[in-house]
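Notes for the one structure printed next.
The values are calculated or read from the model by the stated rules, or taken from the named source; none is laboratory data. Not measured: the values here are computed from a predicted model. Please note: Cβ atoms are built from the backbone with ideal geometry, for glycine as well, and neighbour counts cover all protein chains shown.
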Amino acid sequence: MKTTKRKAEVVYTDEPEDEGWDFDASAILTPEQQKALGLPTPEEARHMRMVRKPARPARINIRLAAETLEGLRARADEAGMPYQTLAASVLHLVATGKLELKLLAK
């Protein structure tokens, strides 16, 4: 029989006292200290944009014809790399515009 673990409940009965929650103005960094640490000024920070980077590469699943996979593996062997690395590299080049595809109309 499967058992499940229960998370411990946290119950707050009293609110924290006001003491110790005061803002310590002496802990503010001077502009020179901020610059030395590489922190942006408020004007610079206003124009900055936060960019999230994926924690790890995204995974995809694709279906390929057997001949396509055999050809990919053969080219990867010639290059001395795993075929998945080669496929990821080619897709990256296409996505960034460094490798152009030309479709021929029949």
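Okay, here's what the table says:
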| quantity | calculated |
| --- | --- |
| Those residues of the range 40-63 which are of a type in the set (D, E, K, R) and closer than 30 Å to Thr30 by Cα, in sequence order | Glu43, Glu44, Arg46, Arg49, Arg52 |
| Exclusive hit being under 30 Å from Gln34 (Cα atoms) and either free of Cβ contacts under 8 Å to residues at least 60 places away in the same chain or assigned to a helix (DSSP H, G or I) (or both), set Met48, Met81 | Met48 |
| Matching residues in the range 14-56 - criterion: being at pLDDT below 65 and of a type outside the set (D, E, K, R) | Pro16, Gly20, Trp21, Phe23 |
| Criterion violated by Gly80 - all others in (1) on the phi > 0 side of the Ramachandran plot; (2) surrounded by 10 or more Cβ atoms within 10 Å (Cβ to Cβ) satisfied | (2) |
